[in-house]
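One structure is given below, encoded as structure tokens.
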Amino acid sequence: MNQDINVKKVRMNCFRQSKVPGEFMLQLRLPGNLMDADLLDVVKHVAKTWGDGLFHIGTRQTLNAMGIKYQDIPAVNEYISEYIQKIQAQSNTDMNRIGLEKVEWDPKSGYPTIGARNIMACIGNRHCIKANIDTTDIARKIEPLIFPSHYHIKIAVAGCPNDCAKANFNDFGIMGVSKMTYHPERCIGCGACAKACGHHATRVLSLNAHGKIDKDTCCCVGCGECVIACPTGAWTRAEDKFFRVTLGGRTGKKDPRAGKLFLNWIKEEPLLQMFGNWTKFSAWVMDNKPQYLHGGHLIDMAGYHKFKEMILEGVELNPECLVAEQIYWAESEQRGNSHLIPLKDHPHAGPRD
């Protein structure tokens, strides 16, 4: 059967085109990668009723049902309305807004946009002994600041600098870090913390002649390996939660790159204030005409200093926070000189003629 399908419109509804004509894969958002197990029945029902019976966990931690026929998409959207409302309610997401524009969202119409991708997260300190933060909690707090929005952005949250969530390859990579407090009166001079730091981290600890620990504070990454290794509690994590933010990481065929350190030792409140500026920045760069571009490309178009000016506007940084003065990107070019293109084809930020 021939069908006139607006694939772009269907993709905005979070249905991805299949190599089989007329078939699509539904992607259910799960910001922070944690849910009530009962909700798995939703994707099971979709897969068994309208799909091919198979279920796929997406690389961005979406819950995917494949083999859905184009003509069945309205029925699927109506069925998943309760799932969308339950999941988005966990992050207090205003579904009657797309970016900076107020809209009237019909829950039975499915997702209004796919622009801001699902926020990925490792399990965090709900389970992992190495994690410094509750990754799901921070992902859910960021979610309403960037979704729904037509502007493409990828975010991942890792509980510690080990970065199991591969945050370093996202537009924004967030890692939980801690300030460590040393209690010398508890230290027995076993050197376990120094050994752990040397083996797992950045070798900033050493056992001195008095049987106590010296620390090179400038190079501590705030991972907490010393806390885990110490048998007497001579190292403890400070109560304040801090974050490390990398910027502009991405995969891709043309110019993939690892993210660069943008912010270190930032607290939660200014971190969220920063994400509150993302949509405004994106709208300015794209002149309110969204395209399928990574957030990192928007930063490139604006230039780091303009990005820094706009993303930190009105943000009250905590005194400990450090900000990159300059960033020196390092693309891994898949094709020699792929960055050399005619001047007329160079993208630019801001108003268009």
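The values are calculated or read from the model by the stated rules, or taken from the named source; none is laboratory data. Here the structure is a predicted model, which means the values were calculated and not measured. Virtual Cβ from ideal backbone geometry, glycine too; neighbours counted across all protein chains shown.
Things to note:
- Only residues that are assigned to a strand (DSSP E or B) and farther than 13 Å from T181 by Cα were counted across segment 206-235, and they come to 2.
- Residue list for segment 298-319, filter: touching a Lys or Arg at 6+ places or on another chain (Cβ under 8 Å) and in a helix (DSSP H, G or I): M310
- Subset of segment 27-41 [closer than 23 Å to G115 by Cα and of a type outside the set (S, T, N, Q)]: L28, R29, L30, P31, G32, L34, M35
- Hey, N118 more than 21 Å from V10 (Cβ to Cβ) and of a type outside the set (D, E, K, R) or not: no
- Residues (of a type in the set (A, V, I, L, M, F, W, C), in contact with a helix residue (DSSP H, G or I) (Cβ under 9 Å, 6 or more places away or on another chain) and not in a loop (DSSP other than H, G, I, E, B)) located in segment 167-205: F172, I174, M175, M180, A192, C193, A194, A196, C197, L205
- Residues of segment 236-255 that turn out to be of a type in the set (S, T, N, Q) and not in a loop (DSSP other than H, G, I, E, B), as a count: 2
- For D216, the criteria (1) modelled with pLDDT under 95; (2) within 28 Å of the chain's Cα centre (by Cα) hold in every case but one, which is (2).
- Yes/no for A209 being out of contact with any strand residue (DSSP E or B) (no Cβ under 8 Å at 6 or more places or on another chain) and surrounded by fewer than 19 Cβ atoms within 10 Å (Cβ to Cβ): yes
- In segment 254-263, the count of residues that are under 30 Å from L207 (Cβ atoms) and in the same structural domain as A330 (by TED's automatic domain parsing) is one or more.
- Residue match in segment 278-285 (condition: over 18 Å from I327 (Cβ atoms) and not in a helix (DSSP H, G or I)): no
- Screening segment 1-83 for helices (runs of 4 or more DSSP H) wholly inside it with 1 or more residues that are surrounded by 15 or more Cβ atoms within 10 Å (Cβ to Cβ) and in contact (Cβ under 8 Å) with a residue 60 or more places away in the chain returns the ranges 7-12, 73-79.
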